[in-house]
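The values are calculated or read from the model by the stated rules, or taken from the named source; none is laboratory data. Just so we're clear, the structure is a prediction, and the values are computed from it rather than from any experiment. Reconstructed Cβ throughout: ideal geometry from the backbone, glycine too, with neighbour counts over all protein chains shown. Just the protein is used for accessible areas: all its heavy atoms, side chains included, with ligands, DNA and RNA removed. Shrake-Rupley method; radii C 1.70, N 1.55, O 1.52, S 1.80 Å.
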Amino acid sequence: MRKVVILGAGMAGMACARTLLRRGCRPLLIAPGHDVASRGETLSFRASPYLESLGWSGLLDAETAIACQGRYSLWGRAALRRDTFHQESGWHIDRQRLEQRMAESLDADGVERLSSEARRLSRSPTHVAVDLADGSSIEAEFVVDCSGRSAVTSGSEAQLRRLDKLVACYGIFDLEDEAEAVPATLVEAVATGWWYMSVMPRDRILLGFFTDSDLLPAGLRRDMNLWAHMASQTSAVSARLTSLGIDAATCAQLQFAPASTVTLSKLMDDRIVRAGDAASALDPLGANGLATALWSGIQAAGSATGLLAQDCTAFRQYERQFLEGIASYLVTQRAIYASEHRFPDAPFWRQRNGTSLEGI
């Protein structure tokens, strides 16, 4: 029987594996073989101590990351300004490439990885049985679930609560040789949601639009002219696209991804500890999702090693800090959305500004 099995090989799962290995526990990492979608994201400066503790600071190089020079927004008023909610520095990263580097590091460490998908978990007083997609089963003393929003352990016992229907649709564009893009994030609120634009490593730009799934225009997935028309109705985003010589209609393919806020009230159920999006997934507007994923993976590893020694002190501290962080984030998110009051009758904004946090 395995001591610890980790489900999921994103940032949380790999941070957990690396930490367990450094504490003398050799885990088994189980994740599907497919790669994550190639997309740009912002990695907060808050991730620095976690990367350093994992020995991964050197993975942030020209191939994986660009130092961020701030965030600008057109939000709450019709004038562009430097964002007062996000003055910290960080990096614009190519998440797919950075995670490839992390996986290579774990391979070099000799961390065992099984390419499969967990379908069902069965608990007993002494172990957890993980049933896999190929019909086989693996037993472990503890399971750390880092399998993301579709976590196999998010059943009825976990008291999952979904707060909205936010989805992201985005495209990636290559910059022309002569284009000079300042590595800053741009966010712009519109009646139907908000736009996000950032520089990616290797001279690329990510353009994303966030709205509720039931507000997405019909046919958007295949209609690049509709996508370009939506972008043209913005102010700062449209101007930046024009200045960089980008025609949104030339997007090769729009990608779609869930971005809603989903919270859980506890992080452990009978020998199963959760981390990353499997613990709680957040609207990216005000979150430090990737830094939180790294931190929670490290904390989950510390919890698992403590639980193996029948000491739940580390887990209790991890759960308390995680849930306090979620509560603080929800208050911040509410304040950010409440600061945009130009579209009071738009369904997207009525949903954001009418949700109660009571009981979450």
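This model, with +1 at the C-beta of Lys and Arg and -1 at the C-beta of Asp and Glu, gives the chain a dipole about its Cα centre of some 860 debye.
Packing around the peptides 122-134, 239-251, taken as the average count of other Cβ atoms within 10 Å per residue, puts them in this order, highest first: 239-251, 122-134.
Take the alpha carbon gyration tensor of region 196-304, find the square roots of its eigenvalues, order them as a ≥ b ≥ c, and report rounded if a/c is under 1.5; if not, report prolate when a/b exceeds b/c, else oblate. Here region 196-304 falls in the prolate category. Gain on full extension, evaluated as 0.36 nm per residue between LEU132 and ARG316 minus their Cα-Cα distance, stands at 63.3 nm.
Among 50-58, 257-265, sorting by the average number of other beta carbon atoms lying within 10 angstrom of each residue, highest first, gives 257-265, 50-58. Computed packing ranks the peptides 105-117, 195-207 as 195-207, 105-117, most packed first, by mean other Cβ atoms within 10 Å. Between the Cα long axis of helix 313-338 and the first principal axis of the chain there is an angle of about 10°, rounded to the nearest 10. Among the protein heavy atoms of the chain, carbon and sulfur supply 48% of the accessible surface, probe 1.4 Å, non-protein parts ignored. Spin-label model, LEU160/ALA346: points 7 Å from Cα along the beta carbon direction are separated by 2.9 nm. Between the alpha-carbon centres of region 333-347 and region 233-295 there is a gap of 19 Å. In this structure, ALA249 and SER122 have a Cβ-Cβ separation that, at R0 = 41 Å, corresponds to a calculated FRET efficiency of about 0.20.
The value obtained for region 50-206, namely the Cα convex hull volume divided by the number of residues, is 201 Å³ per residue. Once both labels are positioned 7 Å from their Cα atoms along Cα-to-Cβ, the gap between SER265 and ASP223 label points is 4.3 nm.
Averaged per residue, the chain has 45 square angstrom of accessible surface, using a 1.4 angstrom probe with ligands and nucleic acids left out.
Using a/c under 1.5 as the rounded threshold, could you call the chain rounded, prolate or oblate? The axes a ≥ b ≥ c are square roots of the C-alpha gyration tensor eigenvalues, and prolate needs a/b larger than b/c, oblate otherwise. Here the chain falls in the prolate category.
Per residue of the chain, the DSSP helices (runs of n ≥ 4 H) give a summed -39500 (n - 2.57) that works out to -9500 deg cm²/dmol at 222 nm. Here the label points at ASP203 and LEU21, each 7 Å from Cα along the C-beta direction, are separated by 3.5 nm in the simple model.
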